[in-house]
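Here is the structure we will look at, set down as structure tokens.
Each reported figure results from applying straightforward, stated rules to the coordinates on display, with no laboratory input. Values in this document were obtained by computation on a predicted structure and should not be read as measured data. A quick note on method: Cβ atoms are made from the backbone with ideal geometry, for glycine too, and the neighbour counts reach across all protein chains shown.
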Amino acid sequence: MAEFDDILARAADGGRIEAEDALRLYTDAPFHALAEAANAARERVIGDDIVTYIIDRNINYTNVCTTACKFCAFYRAPKHDEGWTHDNAEVLRRCGEAVDLGATQVMLQGGHHPEFGVEYYEELFSAVKEQYPDLVIHSIGPSEIDHMSRVSGVEVDEAIKRIKAAGLDSIAGAGAEMLPERPRKAIAPLKEPGGRWLEIMEAAHVQGLESTATMMMGTGETNAERIEHLRMIRDVQDRTGGFRSFIPWTYQPENNHLKGRTQATALEYLRLLAVARLFFHNVTHLQSSWLTVGKAAGQLSMHLGVDDLGSIMLEENVISSAGARNQSKLGELIDLIRSGDRVPAQRNTVYERMSVHWTPEDDPSDDRVRSHFSTIVADLQQKA
């Protein structure tokens, strides 16, 4: 234990640790000491015991995609019989439902449709903003930006400028999966390299579009590659400060080409969260994914550096297609936070606290607000 004391103390106090130190902590540090240091780092950064959540809706405008990622169960190749695209009217209808249920943001996500260039996204985002000006569009990711720029034959900087002007408020961390070259080529050989993903994020940050950063664990990457993924993100954050939060999640094994050959355990996930809190001295927020690891692990994660439990997703199709079964109601998620010895609070996209639920009497109550209020996956299951 003594060999880890200095690294843990330095990181808990906000000092910078190197990737080699982070890897040693991840693989060998005693779990309790690791958790204790991560929690101390959270207390230093956040300043209190509040854990936040958000109400949002993931709206998929198409499942048509040319990238064919091996872990994805959602996409369909162009001209596939099961391919579909929603028109703007349907997207707006779903936005309206989300607003009625208290959502403050939407995540508009879709595949790399061969015909969707910058013009498509300009029209989509401006339509949402015209009808719902207060609804935050926290959407797409570097992969879509790279794709749309190539379809339209414009530079990435130009694409970012245009979609920002059309109404995009911030960029989701979608498409990161694993950024190091070997594991990325193994699971997504047609997708842009991890370095390119980061270049596009950096270009967006320069133009004033902040974002989140994500990571998918459990597709055969090594422990060192997991830490390398963190290092690659931190290097960009050193230059831009544009990542609001880090959100790791676990690969789901159903209905995709990988077929669950490797998966991350709950313990691997929890240790990664703790190391992320200690390694990311320059990223304020850390979110855990109860949707993929389950609510029990989600509750435990609040004691390993996490200050956000993500969202009540009124709709989610991509991870659900691959087998994620965890769902929650608003009251259940609030109780999960409070019974985990934290104070629940609803936040907005930029992590401002909209409502702190200091006591149970402060808790909002609306049984309509539940994850998977509406999903394409559920609709398809009912028809089957």
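Side notes on the structure shown:
- Stretch gain in nm, segment R76-R150, where the contour uses 0.36 nm per residue and the Cα spacing is subtracted: 24.6 nm
- Under the simplified labelling scheme, the D362-F31 pair shows an inter-label distance of 3.2 nm, with each label point 7 Å from Cα along Cα→Cβ.
- Residues with amide H under 5 Å from that of H86, placed H, sequence gap 5 or more: T62
- Length gained when the stretch K329-Q263 is fully extended (0.36 nm per residue, less Cα-Cα span): 21.1 nm
- Relative contact order [Cα under 8 Å, 6+ residues apart], the chain, whole percent: 21
- Whole-Hz Karplus values for region 79-92 come out as 6, 5, 4, 9, x, 8, 9, 7, 7, 4, 4, 5, 4, 5 Hz, taken residue by residue from phi with 6.51 cos²θ - 1.76 cosθ + 1.60 and θ = phi - 60°; glycine and proline positions read x.
- Additional length obtainable on full extension of the chain from E352 to E18, 0.36 nm per residue less Cα span: 117.2 nm
- Highest-fluctuation residue, Q131, Q287, Q109 considered, GNM on the chain with Cα pairs under 10 Å: Q131
- Under a model in which nothing but the beta-carbon of Lys, Arg (+1) and Asp, Glu (-1) is charged, the chain shows a dipole of about 800 debye around its Cα centre.
- Chymotrypsin sites (Phe, Trp or Tyr not before Pro), loop per DSSP, at most 15 other Cβ atoms within 10 Å - longest free stretch of the chain: 85-357
- Most mobile listed residue (L273, L179, L300) in the chain, GNM with C-alpha springs under 10 Å: L300
- Rg/Rg_globular for region 18-383, with Rg_globular taken as 2.2 N^0.38 Å and Rg from C-alpha atoms: 0.93
- With the charge dipole of the chain set up from +1 on Lys and Arg Cβ and -1 on Asp and Glu Cβ about the Cα centre, the Cα lying farthest toward the positive end among the listed residues I337, A213, I50 is that of A213.
- At R0 = 30 Å, FRET efficiency that the Cβ-Cβ distance of N282 and S126 yields, to 0.05: 0.35
- Once exposed loop GluC sites (Glu not before Pro) are cut out (DSSP; at most 14 other Cβ, 10 Å), longest piece of the chain: 156-253
- Helix-only [θ]222 nm of the chain, DSSP H runs n ≥ 4, -39500 (n - 2.57) each, per residue, nearest 500: -13500 deg cm²/dmol
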